[in-house]
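Working notes, beginning with the structure itself.
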Amino acid sequence: MKDKDKTKKQLINELEEMRQKVTELKAIETEHEFAEKELRQTKEYLDNIIESSLDSIVVTDSKGYIARVNRFFLKLTGNREDEVIGKHIAAFSPPKEGIYKTTTGELVQINQEFFNAIAIRSSSLIENGKIPLWETYLIRKDKKLVPVEENIVYLFDSEHNIIGAVGSIRDITKRKKVEKEFIKVRDSLKNKVIEMSIINDISEVLLSTRKLNEILHMILIGATSYHGLGFNRAFLFLINKEKHILEGKIATGSLSAEEAYKIWSQLKPASHTLKEILKSRHGELSKEDAPINELVKQMQIPLKGTETVFTHAVFKQKSYNIINGKHNRFVDNAFLRILGTDSFALVPLVARGKTLGVLLADNFVNRKAISDEDVKRLRAFANHASLAIENSHLYKSVEEKVEELSSAYNELKKNRDKLLRYERLSAVGEMAAKVAHDIRNPLTAVGGFARRILKTDQGRALNKKYMKIIVKEIDRLEKILGDLLCFTAPAVPDFNTADLNSIIKSTFEILDLEIEQNNIILKEQLDPHLPQLLIDENQIRRVLNNIIKNAIEAMPEGGTITVSTAVEGQLVKTEVHDTGVGISDNDIGKLFDPFFTSKSTGSGLGLTLSAQIIRNHGGTIEVRKAEHKGTIFTLKLPVKTLPG
Ligand code: ADP
Ligand code: MG
């Protein structure tokens, strides 16, 4: 029984122990469950962080093999998850040197430097445990490079052993594109500013001259001076259309390198602005440029036949940055030998769409490489220079046109004179009728009175009266015929030196009687210092006679005639002023017209003839109304001397 009891007790104890163990185990299990839940939550949390990160995340083990990535990394590299997990991180870097396309749309050269940079970064990662903001390239599945910015950190365990690395990678394609655009804009702005200031300086000075040679010189100075485009040498060629060639016109720079260094070393650092240089040299090239100018003038580049950079520059208006011209099939090797270098910039000179020639520039002396920017700038410069060249051409052709026009004008004038003569001849016909009419009256009178004298002896007194009438009428006939003859065939002036004052005086003497009979007072205001004139004395006397006679006829009630002479510069002025009836506004414009007369017995030819004579003398005749009463005629004759 005792045994039995013991066993029972023991059993109870054991049971109790077991119960306790179960409770303990349960507690542990709950703890585990809890821990597991926590772990799951943490993992989810981490997953969440990784997945919701806007950057690509890649997690590797300590050797760099990829353990985890997020979807952005897959998107960035263009891979599926199974193509990525387990791969080494280096598989997503450009594998070797070479030229790669990038997602920014340009080509990049991956060289040894790139791999060196990776090595440096890796050692810094080991040293510092992290690499912040590292710009590099990842390679996509399609072999394109993506510019990225990486942040990499090592992961350590509690014993400070590296257990892996986490990289967050950002695609910076867009930023790079913007940066590229920005740099482009900034550079082009910078270039524009330089360009503008050069062009501004140059155009200002270029516009100051129209002489082609000066313009061409200034273009070369602009292309080669330190403050200009800074090329070592420049050559200017213009098209010769007839010969189908580019003709070397002028050049600046040195022929040989030794000479160049000599000049270069003498040159002080440029202390003047381009404008100052251009102004001070005033289109003069320096004497050092003489030999190269000799050379360029012998250069003739054919534009027919073989295609060359020159034909392309001229006909396609293309610019060239020739590097290694020897290997360029469009560049003539013989030309390169003359030039002494096989790298040069070539731009067309284009004005208003037309090619005028080309501008070639090189860095023969310092052998500096010519950049595409340099060529661009040279082209912009050439465009402005071309305008100046074109303007000078235009100016020249305008000058030629003016000359043409003036010779055409002279021709026209000759023709007009001819025409006037023809007109006059045709007027003769018209006049004949008028003359017939005019001379019928005096002729009838003369005939009548003569017949009366013949028929009857009417006594001496009456006969004398008739005779007087006859003489008067015959005078009239003579005058009409005289005017007519002069008019139809104006005599070529027979120039001789003569004294105008004397001619005036003798004219008055002839008209003495008429002046007296008409109660006219004569005033002479003759300049005693008149020079001798080269004139046809008879013709001028005829003019004066006409004018004074008109004046007398304008003063039937009497009046005053004032005649004055005076020197006026290169002219001698004669004025005849009467106090007669004057001329109406309506008539004053017709005075010099043939046949214009207000007189019943006038021919209307006196002033026409007078004007013709004065014109033949190179002078002028004008009429104006006198201030108070009457008319003023003004004659101006040039003071000429006998040639020789
Ligand atoms: P004519 O004397 O035969 O009429 P002219 O050619 O000499 O021809 O003159 C033309 C006209 O001009 C005259 O008829 C007259 O009407 C006008 N005329 C010319 N001179 C004078 C003058 N001094 N005063 C007023 N009228 C004048
Ligand atoms: Mg008259």
remark   = The condition from (1) in contact with a Lys or Arg (Cβ under 6 Å, 6 or more places away or on another chain); (2) more than 15 Å from ligand 1 (Cβ to nearest atom) that P638 misses is numbered (1)
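Identify, please: which residue in segment 331-340 is under 34 Å from the mean Cα position of the chain (by Cα) and open to solvent by less than 50 Å² (accessible area, probe 1.4 Å) and is, among those, nearest to V296 (Cα to Cα)? Full working, then the answer.
Taking segment 331-340 and keeping what is under 34 Å from the mean Cα position of the chain (by Cα), we get 331-332, 335-336, 338-340.
Of the ones still in play, those that are also open to solvent by less than 50 Å² (accessible area, probe 1.4 Å) are 331, 335-336, 339-340.
Values: V331: 17, F335: 11, L336: 13, L339: 10, G340: 13 Å.
Filtering first and then ranking leaves L339.
Taking segment 617-635 on its own, how many of its residues are more than 8 Å from ligand 1 (Cβ to nearest atom) and surrounded by fewer than 21 Cβ atoms within 10 Å (Cβ to Cβ)?
Taking segment 617-635 and keeping what is more than 8 Å from ligand 1 (Cβ to nearest atom), we get 617-622, 624-629, 632, 634-635.
If we keep only those that are surrounded by fewer than 21 Cβ atoms within 10 Å (Cβ to Cβ) too, we end up with 618, 620, 622, 624-629, 632, 634.
Looking only at that region, the number is 11.
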note = All-but-one check, S564 against (1) farther than 30 Å from N441 by Cα; (2) among the hydroxyl-bearing types (S, T, Y); (3) within 12 Å of ligand 1 (Cβ to nearest atom), failing number (3)
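Return yes when G78 is open to solvent by less than 70 Å² (accessible area, probe 1.4 Å), under 60 Å from the mean Cα position of the chain (by Cα) and small (G, A, S) and no when it is not.
The answer is yes for G78.
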note = How many residues of segment 577-593 are more than 8 Å from ligand 1 (Cβ to nearest atom) and touching a residue at least 24 places away in the same chain (Cβ under 8 Å)? The answer is 3
key: Selection within segment 61-118 - under 13 Å from V146 (Cβ atoms), of a type in the set (F, W, Y) and in a strand (DSSP E or B)   = Y100
remark   = Residues of segment 509-533 being open to solvent by 90 Å² or more (accessible area, probe 1.4 Å) and either touching a residue at least 60 places away in the same chain (Cβ under 8 Å) or of a type outside the set (V, I, T) (or both), in sequence order, are E509, L513, E516, Q517, N519, K523, Q525, P528, H529, Q532
task = May I ask you to list pairs of residues, at least six apart or on different chains, whose Cβ atoms are under 7 Å apart, with the first in segment 70-84 being within 13 Å of D142 (Cβ to Cβ) and the second being part of a loop (DSSP other than H, G, I, E, B) and open to solvent by 40 Å² or more (accessible area, probe 1.4 Å)?
result = T77/R140; T77/K141; G78/R140; G78/K141; G78/D142; N79/K141
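Checking the structure you have, find out if any residue of segment 236-257 is over 28 Å from E307 (Cβ atoms), open to solvent by less than 30 Å² (accessible area, probe 1.4 Å) and either modelled with pLDDT of 70 or more or of a type in the set (K, R) (or both). First the steps, then the outcome.
So in segment 236-257, the residues over 28 Å from E307 (Cβ atoms) come out as 252, 254-257.
Going one step further and asking which of them are open to solvent by less than 30 Å² (accessible area, probe 1.4 Å), we end up with 252, 254.
If we keep only those that are either modelled with pLDDT of 70 or more or of a type in the set (K, R) (or both) as well, we get 252.
Among the residues of segment 236-257, at least one is over 28 Å from E307 (Cβ atoms), open to solvent by less than 30 Å² (accessible area, probe 1.4 Å) and either modelled with pLDDT of 70 or more or of a type in the set (K, R) (or both), which makes the answer yes.
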note = Per the list (1) over 19 Å from A611 (Cβ atoms); (2) within 16 Å of ligand 2 (Cβ to nearest atom); (3) open to solvent by less than 80 Å² (accessible area, probe 1.4 Å); (4) among the β-branched types (V, I, T), residue check on V543 breaks on (1)
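Scan V193, V185, V205 and give me the residue that is touching a helix residue (DSSP H, G or I) at 6+ places or on another chain (Cβ under 9 Å) and in a helix (DSSP H, G or I).
Values: V193 fails: touching a helix residue (DSSP H, G or I) at 6+ places or on another chain (Cβ under 9 Å); V185 fails: touching a helix residue (DSSP H, G or I) at 6+ places or on another chain (Cβ under 9 Å).
On inspection, the qualifying residue turns out to be V205.
Pull up segment 551-578, narrow it to residues that are open to solvent by 40 Å² or more (accessible area, probe 1.4 Å) and under 20 Å from E509 (Cα atoms), then point me to the one that is farthest from ligand 2 (Cβ to nearest atom). If you could, list the steps in order and put the result at the bottom.
If we filter segment 551-578 for residues that are open to solvent by 40 Å² or more (accessible area, probe 1.4 Å), which is where we start, we get 553, 556-557, 567-571, 573, 577.
If we keep only those that are under 20 Å from E509 (Cα atoms) as well, we get 553, 556, 577.
Numbers: E553: 7, P556: 14, H577: 17 Å.
Taking the candidates together, the pick is H577.
Pick out the one residue from A461, A445 that is at pLDDT 70 or above and either crowded, with 16+ Cβ neighbours inside 10 Å or basic (K, R) (or both). Full working, then the answer.
Values: A461 fails: either crowded, with 16+ Cβ neighbours inside 10 Å or basic (K, R) (or both).
Of A461, A445, the one residue that is at pLDDT 70 or above and either crowded, with 16+ Cβ neighbours inside 10 Å or basic (K, R) (or both) is A445.
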request  = For segment 126-148, name all the residues that are at pLDDT 90 or above, open to solvent by less than 30 Å² (accessible area, probe 1.4 Å) and not hydrophobic (A, V, I, L, M, F, W, C).
outcome  = T136, P147
ask   = If you go through segment 594-616, how many residues are without any contact (Cβ under 8 Å) to a residue 40 or more places away in the chain, within 13 Å of ligand 2 (Cβ to nearest atom) and either hydrophobic (A, V, I, L, M, F, W, C) or open to solvent by 50 Å² or more (accessible area, probe 1.4 Å) (or both)?
value = 4
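The values are calculated or read from the model by the stated rules, or taken from the named source; none is laboratory data. This structure is a prediction, so every number in the text was calculated from the model and none was measured. Glycine gets a Cβ as well: all are built from the backbone with ideal geometry, and neighbour counts include every protein chain shown. Side chains included, ligands, DNA and RNA excluded: accessible areas come from the protein's heavy atoms. Shrake-Rupley method; radii C 1.70, N 1.55, O 1.52, S 1.80 Å.
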